[in-house]
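All remarks here apply to the structure that follows.
The values are calculated or read from the model by the stated rules, or taken from the named source; none is laboratory data. On a predicted model such as this, the values are computed, not experimentally measured, just so you know. Note that each Cβ is placed from the backbone with ideal geometry, even for glycine, and that neighbours are counted across all protein chains shown. Ligands, DNA and RNA are excluded from the accessible area calculation, which covers all protein heavy atoms including side chains. Shrake-Rupley method; radii C 1.70, N 1.55, O 1.52, S 1.80 Å.
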Amino acid sequence: VLELPEYPELFDKAFGEAPNMLNVGQALAQYQQTLLAGNSRFDQWYYAGQEDVLSPEEKSGFALFTGKAQCSTCHAVGADSALFTDQALHNTGVGFQASMRSNTTTISVQLAPGVIGQLDKSVVDSVGEEKPNDVGRYEVTLDPADRWKYRTASLRNIALTAPYMHNGRFDSLESVVRFYNIGGIQHDGLSPLIRPLGLSADEQKALVAFMRTLTSSNVAILVA
């Protein structure tokens, strides 16, 4: 920033001082808050009343999302807007399972957007350090009740943002739905909101179809 001649004047106008670590962070945060995801096909249907933009399967998926699948308990949908997150922290069992350090010999690696390959774990281990234990919110609060709790992510543009969960545990929306359908990973700290759903294969497919309607119409602008 300091090497760009126009920036000191811009920062002086915005913050009344030269660029520094604090105000550079504030400027970046303010810019990121302008990158709004919206006007998805879901928004056009649910908020603008355009009935023909969603298929019957996608509409069925939304009914499951707010009903039997209980997704909207955490991925909130409001009467006037939908952030698809309650901004709260929950324990789904993903962090707990990772902390148990399974003896898997392969790991999933994203080779390109939408292209996932399997790599021998020993190859990664040979060039990296041992991964520290992942304890979630507990790392900040040191409250045992916060172990393996992570903030609910928004689902907007979810079809474009694989892999999923805080640690990239799942490489597809289908695998995420299967995980929640079995009730997460059972352990003492599991959120009481996480329990087996009993969704059929067709219901799981409809739920994924609905989530794919959350892609914004301005993705190209956001990427640019």
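For residue 205, the lysines whose Cα falls under 29 Å of its own Cα, not counting residues fewer than eight places away in the same chain, are 59, 68, 149. The Stokes-Einstein estimate for the chain, based on a Kirkwood radius over Cα pairs and taken at 37 °C with 0.692 mPa s viscosity, is a diffusion coefficient of 162 µm²/s. Does a label point 7 Å from the Cα of residue 14, set along Cα-to-beta-carbon, have any residues of segment 31-74 with amide nitrogen under 14 Å, and which are they? Only 31-35 pass the distance filter.
Restricting the calculation to Cα atoms, segment 1-43 shows an Rg/Rh of 1.22 when the hydrodynamic-style radius is the Kirkwood one.
To the nearest 0.05, how large is the calculated FRET efficiency for residue 66 and residue 145 if R₀ is 22 Å and r is the Cβ-Cβ distance? The computed FRET efficiency comes out at 0.20.
Taking amide H positions as modeled 1.01 Å from N, with prolines and chain starts lacking one, the residues under 5 Å from residue 106 and 5 or more places away or on another chain are 121.
Could you tell me what % of all Cα pairs in segment 1-75 have separations over 22 Å? Across segment 1-75, Cα pairs with separations above 22 Å total 53 percent.
Hey, any idea what % of the chain's accessible area is carbon plus sulfur with a 1.4 Å probe? Whole-percent figure for carbon plus sulfur exposure: 56. Each distinct pair of alpha carbons in segment 53-96 adds a 1/r term; the inverse of their mean, the Kirkwood radius, is 11.9 Å. Convex hull volume of the Cα atoms of segment 126-211, normalised per residue: 139 Å³. Using r as the Cβ-Cβ distance of residue 217 and residue 85, and R0 as 25 Å, what FRET efficiency do you calculate, to the nearest 0.05? With R0 = 25 Å, the Cβ-Cβ based efficiency is 0.80. In this Cβ point-charge picture (+1 for Lys and Arg, -1 for Asp and Glu), segment 90-167 has a dipole of about 320 debye about its Cα centre.
Taken along its principal axes, the alpha carbon cloud of segment 65-118 reaches lengths of 46, 29, 22 Å, longest axis first.
Take the Cβ atoms of residue 127 and residue 187, set R0 to 30 Å, and the FRET efficiency comes out at 0.40.
For the chain, what does -39500 (n - 2.57) per DSSP helix run (n ≥ 4), summed and divided by total residues, give at 222 nm, in deg cm²/dmol to the nearest 500? So the helix-based figure for the chain works out to -9500 deg cm²/dmol. Using the empirical formula 2.2 N^0.38 Å as the baseline, the Cα radius of gyration of segment 106-165 reaches a ratio of 1.48.
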